[in-house]
Each structure stands twice: as structure tokens, then as C-alpha cells.
Amino acid sequence: MTRAAALVIVVACGGMKDPGSVADKFVDRYYVESDQQGALQFASGVATLRLQDELRLSAEARRPGNPFPSRQVRVYYTRSGLGGGDGERTADYKLDIRPQGGGELQREAHLALARQPDGTWRVVRFHETQPSR
């Protein structure tokens, strides 16, 4: 392996060894950027299957010339918790969703992460709930 190839591998996996960093990157791609394809690199297991299903279902809506334009949405988040240990972690987020044209929605995102055999972390499950009052 050349030094350049080794460096690429180290850089690519470097941020994947911290579960909090992986969870934040997943939330950035999936919730903030609405990029299921980009979120796939931070997912494994059931989370990967869900993202692949969403990509299949949304393929028609993303085609050029679709008469139903997507609505712009801004999403802001804060991580409200990171728990667990050893090979499994959970990460919780408070989402502030602001659709174009006004309004505001509050949701909570819950991620389950698992350490992979290579020592990196991946999101294995995720779901959203209404905020607890």
C-alpha cells in the first residue's frame, strides 16, 4: 500500500472512531442536508435499509422536471444526550425545523450506534418523536 493510499484511509476513518462525531455527521447529512445518499456512509444495518428504501421512494420526486417542487426547509439541531458504552451508544437530538414561508416544528431524533469490527462507529437505527413536554 502506498503512503498516499494509507493516508486516505486514515483520513476517511479518522472521524469514524468517535461515536459523537459519527452521530453529528449523520444528523448533518440526513436532517440538515436531506441527503440520504450522503448519510449512508455513516450507517449500517437497519439504518442502511431505511435509507435505501427512502432513496428508492424519493427517486421519482428528485427527477428533473418533476411538477411538484420540493419545499425548502432549514433544520437546526443540538445534541441533547450521548449515552451507552462499549460497543453500543445512543445519541439524542433536538431538531428545530423551519419550512420556507414560515412556521416552526420541533422534533427529537434518536440514534442508536454500534461499533463495527474495524473499530469505527455507525448509526444502526434512528427515529423521530414529538418533543416530550
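The values are calculated or read from the model by the stated rules, or taken from the named source; none is laboratory data. These numbers come from a predicted model, not from an experiment. Every residue, glycine among them, receives a Cβ derived from its backbone with ideal geometry; neighbour counts consider all protein chains shown. Surface accessibility is based on the protein's heavy atoms, side chains included, excluding ligands, DNA and RNA. Shrake-Rupley method; radii C 1.70, N 1.55, O 1.52, S 1.80 Å.
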Worksheet item: Do we have Gly83 as in a strand (DSSP E or B) and surrounded by fewer than 16 Cβ atoms within 10 Å (Cβ to Cβ) here?
Response: yes
Discussion item. Being open to solvent by 100 Å² or more (accessible area, probe 1.4 Å), more than 19 Å from Thr129 (Cβ to Cβ) and modelled with pLDDT under 95 is true for just one of Gln72, Gln41. Which residue is that?
Written reply: Gln72
Discussion item. Can you confirm whether Arg50 is under 17 Å from Asp18 (Cα atoms), surrounded by 12 or more Cβ atoms within 10 Å (Cβ to Cβ) and either touching a residue at least 12 places away in the same chain (Cβ under 8 Å) or of a type in the set (Lys, Arg) (or both)?
Written reply: no
Response to the item:
Only one of (1) under 18 Å from Lys25 (Cα atoms); (2) surrounded by 11 or more Cβ atoms within 10 Å (Cβ to Cβ) does not apply to Ser58, and that is (1)
Discussion item. For region 93-132, which positions are polar (S, T, N, Q) and either open to solvent by less than 20 Å² (accessible area, probe 1.4 Å) or part of a loop (DSSP other than H, G, I, E, B) (or both)?
Written reply: Gln100, Gln116, Thr120, Gln130, Ser132
Item to complete: Test Ser58 against the criterion of being over 19 Å from Gly15 (Cα atoms), in a loop (DSSP other than H, G, I, E, B) and not acidic (Asp, Glu), and give yes or no.
Response: no
